[in-house]
Amino acid sequence: MKGKVTTLMFTGFLCAFLFQESIFASQGDKNQGMIKRGEYLVGYGGCNDCHTPKLFTPQGPKPDFNRLLSGHPSDAELPDIPQGIIGPEKWGALTNNDFTAWLGPWGISFAANLTPDKRTGLGGWTEELFIKTMRTGKHLGVGREILPPMPWSALAGLADEDLKAIFAYLKSIRPIENTVPQPVPPKR
């Protein structure tokens, strides 16, 4: 009798363990699926166009995937800006050769570091904060306006599940420490 009880207990523990493992595996599969969906949306949305620094090739600028989504390089110097080039009946915006800094009537904006670096990227952000930022167009959901050319209003129209997937992907990539400059207001 004692052997049967031990066998039943062992079988019960084994079943519970295997059931728990299958739950964790399915959660991992769901998370991997969410990350893949986020990667797809980031690629389709063109996030690398501005948020990934470029390498210059004979075919033109190409994303430098060693600096994936790390934003405007902190050590990059901006070229001189010709006076009077921006305005009505003139150019509406200019960009540096890296496409990580933009000049327009709003001043100069810099592509943010979207990596999960805790100090300089999104590492300290929560999913809720990310969604609020994309919905409001305000930095950290309450701060300064997110500046052009960031298409936050297009992202605001995405379903919560898509924004969650984008955030899951951004949290899954390699963190890169890169302090992006603050925006420069326009000269009046």
What percent do you get for the relative contact order of segment 32-188 when only Cα pairs under 8 Å and 6+ apart count?
30
Each label point is 7 Å from the Cα along the Cα-to-Cβ direction; what then is the distance between the points at residue 119 and residue 161, in nm?
3.9
The Cα extents of segment 31-131 along the principal axes, largest first and rounded to whole Å, are 50, 35, 26
Under 12 Å Cα-Cα from residue 164, which aspartates and glutamates qualify once same-chain neighbours fewer than 8 residues away are excluded?
39, 127, 128
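Where the only charges are on Cβ atoms (+1 Lys, Arg; -1 Asp, Glu), what is the dipole of segment 28-91 about its Cα centre, to the nearest 20 debye? Don't skip to the answer; put the middle values down first.
Numbers: 7 positive and 8 negative charges, 69 e Å.
Here segment 28-91 has a charge dipole of around 340 debye.
Once a ≥ b ≥ c are taken as the square roots of the eigenvalues of the Cα gyration tensor of segment 122-163, is the result rounded (a/c under 1.5), prolate (a/b larger than b/c) or oblate (a/b not larger than b/c)? Present the calculation step by step, with values, prior to reporting the outcome.
Numbers: a/c = 1.84, a/b = 1.04, b/c = 1.76.
It is oblate, given that a/c is not under 1.5 and a/b is not larger than b/c.
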What number, in percent, do you get for the relative contact order of segment 29-111 if the mean sequence gap of Cα pairs under 8 Å and at least 6 apart is divided by its residue count?
25
Skipping prolines and chain starts, which residues have an amide H placed within reach, meaning under 5 Å, of the one on residue 138, given they are 5 or more residues away or on another chain?
146
³J(HN,Hα) across segment 140-148 via Karplus (A = 6.51, B = -1.76, C = 1.60, θ = phi - 60°), whole Hz, x for Gly/Pro?
6, x, 9, x, 5, 5, 6, 8, x
Karplus (6.51, -1.76, 1.60) ³J(HN,Hα), θ = phi - 60°, over segment 41-57, in Hz, Gly and Pro reported as x
5, 5, x, 5, x, x, 4, 5, 4, 10, 8, 10, x, 10, 10, 9, 10
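Quick note: the coordinates plus some simple rules give every number you see, no bench work behind them. Model, not experiment: these values are computed from the prediction. All Cβ positions, even for glycine, are placed from backbone atoms using ideal geometry, and neighbour counts span all protein chains on display.
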